[in-house]
Amino acid sequence: MKFSDPISEGKLVKRYKRFFADIETDDGIITALTPNTGSMKGLLDAGNKVRFSSNDDPKRKLKYTLEQIKVKTSWVGVNTGLPNKFAMELWNSKSYKPWTKYPFARAEVKINDKSRLDMALWKDTDLGEIKKFQPALLEDHKFHFIEIKNTTLGEDGVAMFPDSVTSRGLKHLHEMIQLVEAGHTAEMLYVVQRTDCETFQPASDIDPEYAKGLKEAKKAGVKVTAMACDLKKGEIRLNPEKLLKVHLSY
């Protein structure tokens, strides 16, 4: 995905109140939106290089958005609003073989009255393109459901998720298990927005319940995929040749 807005660089001063970051630029200190509700553990040292986008839309409260932070040798993408776009772009590219058997895809699919998942893929030509995805479709048709998690935490070559306790994430795991039990297929896709990791595992020290839930989901038949991105100043893409080894035994 290429950024449509200009990308500039600066240095991190601080992140505060979860959604704000002060950035030092050549023109002074600016405040940027931080589109990430996690702890961003390991990323927030003052002085770290950052990349931020700018948008002059008068309806925006803040002109700038924090996009990437450099940690040691790797840039790390922190915008949690982007991985779903990366995944849809990957499906459209037909470059990830396991997804090429599905000619149809839709983002943000409602699976019941209270929950949505990030993507659904399907083969059924009788369905074709679905303008409005309804939970009732699950009764008579089979889908491949995908839940996408932005992964920024990394230590010693190991990417980890989550970076803070996530009850919502655990709920998604339980829903994926239920979908598999109902005859669908399901996949957890961990989008690793950094280039310095070779393996992936759940962050059991941060959220042991999530780690346990992921292990149970894998045992139940949910596919667990961790894929790294190629990060450039003006572009980020999932790279299907950069699949990380997944370790769930801990």
Quiz item: Working out 0.36 nm times the residue gap between Y102 and T199, then minus their Cα-Cα distance, what length gain in nm do you get to one decimal?
Solution: 32.2 nm
Self-check item: Under Karplus coefficients 6.51, -1.76 and 1.60, residue-wise ³J(HN,Hα) of segment 209-217 in Hz, glycine/proline x
Solution: 5, 5, 4, 5, x, 5, 5, 5, 5
Exercise. Would you work out the relative contact order for the chain, in percent, from Cα pairs under 8 angstrom that are 6 or more residues apart?
Key: 16 percent
Quiz item: So if we plug the beta-carbon distance of S115 and L62 into 1/(1 + (r/R0)^6) with R0 = 35 Å, what FRET efficiency do we get, rounded to 0.05?
Solution: 0.70
Quiz item: Of K215, K142, K59, which has the largest mean-square fluctuation in a 10 Å C-alpha GNM of the chain?
Solution: K59
Quiz item: Can you list the residues, at least 5 places off or on another chain, whose amide H is less than 5 Å from the amide H of E67, using H built in the peptide plane?
Solution: R51, F52, S53
Quiz item: If R0 is 45 Å, what FRET efficiency do you get for S164 and D140 from their C-beta distance, rounded to 0.05?
Solution: 0.70
Quiz item: Relative to the longest principal Cα axis of the chain, at what angle does helix 167-181 sit, 0 to 90 degrees, rounded to 10?
Solution: 20 degrees
Quiz item: For segment 229-250, list residues with backbone N below 17 Å from a point placed 7 Å from the Cα of N55 toward its Cβ?
Solution: 234-236
Exercise. Relative to the longest principal axis of the C-alpha atoms of the chain, give the angle of the C-alpha long axis of helix 83-93, reported between 0 and 90° and rounded to the nearest 10°.
Key: 60 degrees
Self-check item: About the Cα centre, charge dipole magnitude for segment 83-246 (Lys/Arg +1, Asp/Glu -1 at Cβ), debye
Solution: 360 debye
Practice problem: Evaluate E = 1/(1 + (r/R0)^6) for N92 and K14, where r is the Cβ-Cβ distance and R0 equals 30 Å; express this FRET efficiency to the nearest 0.05. | Solution: 0.20
Practice problem: Taking the Cα atoms of segment 83-246, report the difference between the largest and smallest coordinate on each principal axis, in whole Å and largest first. | Solution: 48, 35, 23
Quiz prompt | HN-Hα J in Hz across segment 225-241 - Karplus 6.51, -1.76, 1.60, θ = phi - 60°, x for Gly and Pro | solution = 10, 10, 10, 8, 9, 9, 10, 10, 4, x, 7, 9, 9, 5, 10, x, 8
Quiz item: Of L214, I69, M188, which is farthest along the charge dipole of the chain in the positive direction, counting Lys and Arg as +1 and Asp and Glu as -1 at C-beta?
Solution: I69
Exercise. Distance between Cα centroids, segment 170-196 to segment 44-83: provide it in whole Å.
Key: 27 Å
Quiz item: Over segment 7-73, with a single point scatterer placed on each C-alpha, what log10 of the ratio I(q)/I(0) does the Debye formula yield at q = 0.14, 0.29 1/Å?
Solution: -0.36, -1.47
Exercise. Would you calculate a helix-derived [θ] at 222 nm for the chain, using -39,500 (n - 2.57) for each DSSP H run of n ≥ 4 and dividing by the full residue count, to the nearest 500?
Key: -5000 deg cm²/dmol
Self-check item: segment 41-156 - convex hull of alpha carbons, volume per residue in Å³
Solution: 182 Å³
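Throughout, read-outs are computed from the coordinates displayed, never taken from laboratory work. Since the structure is predicted, the reported quantities are computational estimates derived from the model, not experimental observations. Because the Cβ atoms are built from the backbone with ideal geometry, glycine has one as well, and the counts that use them run over all protein chains shown.
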